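One structure below.
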Amino acid sequence: STQTTEGTKMLQVCSNPTCPDGSAATCCDTADGDCDDGDDDWCCGTDFLCTNDSPDWAAQQGGVLCCSLGHAPTPTTLLAITYSIRADSFYTALALAKILEDVSPSQVDTYVQAAASAAGASGAFAAFSTLLVSEVVVVEALPAPTCHYEAHAYGGEAFPWGEVTWSERRGGASEDRAVTFECGTFGPTSVPTAVPSSAPTAAPTAAPTTAVPSPVPSLAPTTINYRLADFSATPPAELAEAAFTGTGLKVEHLVVNLTVPATKPVRLTLRGGGRTGSALRFYDEDPDNPGYALTSDAGSTSVARWIPAGDTILTLAAGALRDRVDNGDSVAQSVTVFLSSTDPIYGRARGFEKTVSVNVLDVDVSLIAVNKFLATTDPVTSDAAALTAKAKENAATFVFTAALTSLPFSAVRLEVEGDVDAFESISVDGADGMNRTVEPADWASLATYTLRVADDAVLSGDRNYSVWFVARSDDANYDGRRSATMTCQVIEDDVAFATVSGKALTVGAGVDGPTFSDGYWITLSAPPTANVVVSLDCADTNVFYTKRLLFTPDNWDRKYVAVNASLADPDVLEGRTARLTHYVESADAFFDDLAVSDVEIAVEFSVDSVPPPKLELVRFLDGGNGLDVLFDSPTNMIDGEWDIDCATLFEYAAQQFGADGTCAWTNSSALRVTFGAGAQIVPFDYVAATTLNSAHLKGGLLKNDLDGATLTSAAQYAEAQKPLDPILPAISITAPESVGKCDGVVLDARGATGGGSRALTYNWGVLTSWDAETDADMASVAALEAKLQQADAAGAVTLDLGFDDLLEGRAYDFLIAATNF
């Protein structure tokens, strides 16, 4: 086999023929002018004698094939050495060398190594006493530093395959290189039969039968296979992107078929490529679940497999992970297959390489995924779907997460639309502003949207506010895309009730009639839709009071009830008690027949001119960590000291205010309570009131601030009203942004504030923006979620994660919600 100007030819070469007169013929190659490429023409003087080209050329020139002259040419062993090298400025050379007849096959290694050493130093083969360089052709450099030799003997004998290593020294650097020989048996196997010719021929010359070359290439099996060796790669018709579901990853089959079997194993290397080449992977198929990859196999974009000697078929399982890019209906992926073997018919130097195309169906779509904060369900992406979140009005904060489902080709602006005016505020990741621009690099990053509804005092009932996202982008896949509707259901927690500012009054009575009066305020909790009439009654006919109060939708401000009394019997100068009751009527169903607290009246025969102080209002501080207690008039502060023991004034002080709670007067009619650890008092619940909802003042202690006052306040209570502007909990998590794969991590939320001197309750969650690729991945995520649920149940404020709780190379978003009392 030789490279000529006409291409590669398989020739039977008989060189140095003898002319009829016994003289040596001379080369007269008129076709290409090259006497060293094997298809040479030979002449006797100016007369054409024979050719090694083809029978047609011989007939055209009026001669015969040189191998048909009937004489036996000198047997030769032709060694074809392919030398490929690329390092620094080296070039690749192809050299054809003839080993003289005195070189035996056993000496080949020695001469090849010597030739390679010379080539490594000069860039081409040098001539040795037993090595003749016949041709040097510069070809394309290889893409990576490599050195490969393929040697074939064309003299009917094969020499052993093997590898040798030598050291090449250039520029002071030593570099090891390997030489590979791939050998096959070629050449004559029988005595040739002369081809008739009209040209004169030389007298037959006896020659050893085994040395006479055949007029045609040998039909030995190795020779046939060398020419027939090839392969095909049949990809699946189509392959759909898929995510691991716990049952495995769906795979399809790619089949590689050799045209002829090899006598040695054939190594196949397959590499995926294309615009999204990382999505195509090769897997080990699960024998117990055909059509699916092994759940423990994460796949690889490049694999090496072997076809055993004698076999011709290899079937591989191929799958495509979701690349999270919306490429359209499908995308072309390529698979490049390389072959190599120690069997020369599939030798590496023969360059067996093919690329086939696989049509991967794209399952990614450009959507907006939304979910409720800390939700354990899958995010909602359909614009026809809806998420509903509920919250009581006094803490109507709705938190949603939003992210894109695929990588956009341009920035995407998410705009909030819908009932946006119904919300007091909308913030994104803690910053005010409802619109957000998502850069392509951050497409999978979740943003937290917080929507707050103002707490009002209107009995409007439960109501729904709906919002959604609309995408604006130069990416046509996203532009105009609408998310699912997020419905915020506000649960009406305003209750129709009437508060009484003082539930224990003291009035004075003398022989001449009332000496001083007292009174209290009645306040409605919300504006009524119709008139509300409050009627008062007292069985004691010597107690005088306001008989009727009218509240209207336009004037529902608090109303004052004035009370005084006279002695029931002028001869009896002792005090007595009476009770005022209330009855409510209204066309507003919320207020009609509303229950209002009774008021206890103490009628006293006293020298005092004013009543003693009474509780008027108890309200939580905005921070939730204490109370403001207001009296209706100045007090004597008991002993005049600004600081006072809470237990001196209040029942249940240690339980309600905490064991180390403190009380201090801010003025003579106002007291500040600061909670200690373990405080239990909570804002008053008009639906399910308990003793923990009110502050209970002890009787017989407080007097007014007038000199000579003798009357003391009666035991009484006042409901603890909710804060006017409660402060929301603020969360601070301490955690590293990255962690070593062999290290654990601690998430610490102890920096959170807003608990009002009480422990916050915490809820933990985790989000991942990546797809699980194996069963182990899914199990790891499930175990992590279970660990977070255990932390919730234990009320954990810190979360300890071990090195085995997280997967190497993965990103996790941890979420936490803190709730105060």
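Annotations for the structure displayed:
- Pairs, first assigned to a loop (DSSP other than H, G, I, E, B) in the stretch 651-668, second buried (at least 16 other Cβ atoms within 10 Å of the Cβ) and among the hydroxyl-bearing types (Ser, Thr, Tyr), C-beta under 6 Å, six or more apart: Ser668/Thr635
- For the stretch 270-280, residues that are modelled with pLDDT of 85 or more and either open to solvent by less than 70 Å² (accessible area, probe 1.4 Å) or closer than 30 Å to Ile368 by Cα (or both) total 1.
- Pair list, Cβ < 6 Å and 6+ apart or interchain, from the stretch 290-306 residues that are loosely packed, with under 13 Cβ neighbours inside 10 Å to residues that are at pLDDT below 85: Ser296/Thr774
- Within the stretch 629-649, one or more residues are in a loop (DSSP other than H, G, I, E, B) and within 23 Å of Ser525 (Cα to Cα).
- Some residue of the stretch 762-783 being open to solvent by 40 Å² or more (accessible area, probe 1.4 Å), without any contact (Cβ under 8 Å) to a residue 12 or more places away in the chain and within 30 Å of Leu321 (Cβ to Cβ): yes
- Filter pass, Lys722 being closer than 26 Å to Asn636 by Cβ and either in contact (Cβ under 8 Å) with a residue 24 or more places away in the chain or among the β-branched types (Val, Ile, Thr) (or both): no
- On the stretch given as the stretch 241-258, residues that are at pLDDT 90 or above and open to solvent by 80 Å² or more (accessible area, probe 1.4 Å) total 1.
- Sole exception among (1) touching a Ser or Thr at 6+ places or on another chain (Cβ under 8 Å); (2) loosely packed, with under 12 Cβ neighbours inside 10 Å for Leu701, by number: (2)
- Condition check for Ala539: in contact (Cβ under 8 Å) with a residue 40 or more places away in the chain and either in contact with a Phe, Trp or Tyr (Cβ under 9 Å, 6 or more places away or on another chain) or more than 30 Å from Cys663 (Cα to Cα) (or both): yes
Quick grid of which residues meet (1) out of contact with any helix residue (DSSP H, G or I) (no Cβ under 9 Å at 6 or more places or on another chain); (2) not β-branched (Val, Ile, Thr):
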site: Asp429; (1), (2): yes, yes
site: Val458; (1), (2): yes, no
site: Arg463; (1), (2): no, yes
site: Phe469; (1), (2): yes, yes
site: Asp474; (1), (2): yes, yes
site: Gly480; (1), (2): yes, yes
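- Strands (runs of 3 or more DSSP E) within the stretch 532-618 that include 1 or more residues buried (at least 19 other Cβ atoms within 10 Å of the Cβ) and under 60 Å from the mean Cα position of the chain (by Cα): 532-538, 548-551, 576-586
- Count - residues of the stretch 388-412 that are part of a loop (DSSP other than H, G, I, E, B) and open to solvent by less than 10 Å² (accessible area, probe 1.4 Å): 3
- Top-ranked residue of the stretch 250-264 - restricted to ones that are part of a strand (DSSP E or B) and not β-branched (Val, Ile, Thr), ranked as farthest from Ala304 (Cα to Cα): Lys250
- Some residue of the stretch 307-319 being open to solvent by 30 Å² or more (accessible area, probe 1.4 Å) and at pLDDT below 85: no
- Selection within the stretch 729-751 - surrounded by 15 or more Cβ atoms within 10 Å (Cβ to Cβ) and under 25 Å from Leu627 (Cα atoms): Pro729, Ile731
- Top-ranked residue in the stretch 704-721 [being touching an Asp or Glu at 6+ places or on another chain (Cβ under 9 Å) and surrounded by fewer than 17 Cβ atoms within 10 Å (Cβ to Cβ); ranked as modelled with the lowest pLDDT]: Gly708
- Residues of the stretch 19-68 classified as acidic (Asp, Glu), in contact with a strand residue (DSSP E or B) (Cβ under 6 Å, 6 or more places away or on another chain) and either surrounded by fewer than 13 Cβ atoms within 10 Å (Cβ to Cβ) or not in a loop (DSSP other than H, G, I, E, B) (or both), total: 1
- Test: residue in the stretch 414-423 that is free of Cβ contacts under 8 Å to residues at least 40 places away in the same chain and more than 16 Å from Ser769 (Cα to Cα): yes
- Within the stretch 227-240, tally of residues that are open to solvent by 50 Å² or more (accessible area, probe 1.4 Å) and modelled with pLDDT under 90: 4
The values are calculated or read from the model by the stated rules, or taken from the named source; none is laboratory data. Just so it is clear, the structure is predicted and the values come from calculations on it, not from any experiment. With ideal geometry, Cβ positions are generated from the backbone for all residues, glycine too; neighbour counts draw on all protein chains shown. The accessibility values were calculated without ligands, DNA or RNA, using every heavy atom of the protein model including side chains. Shrake-Rupley method; radii C 1.70, N 1.55, O 1.52, S 1.80 Å.
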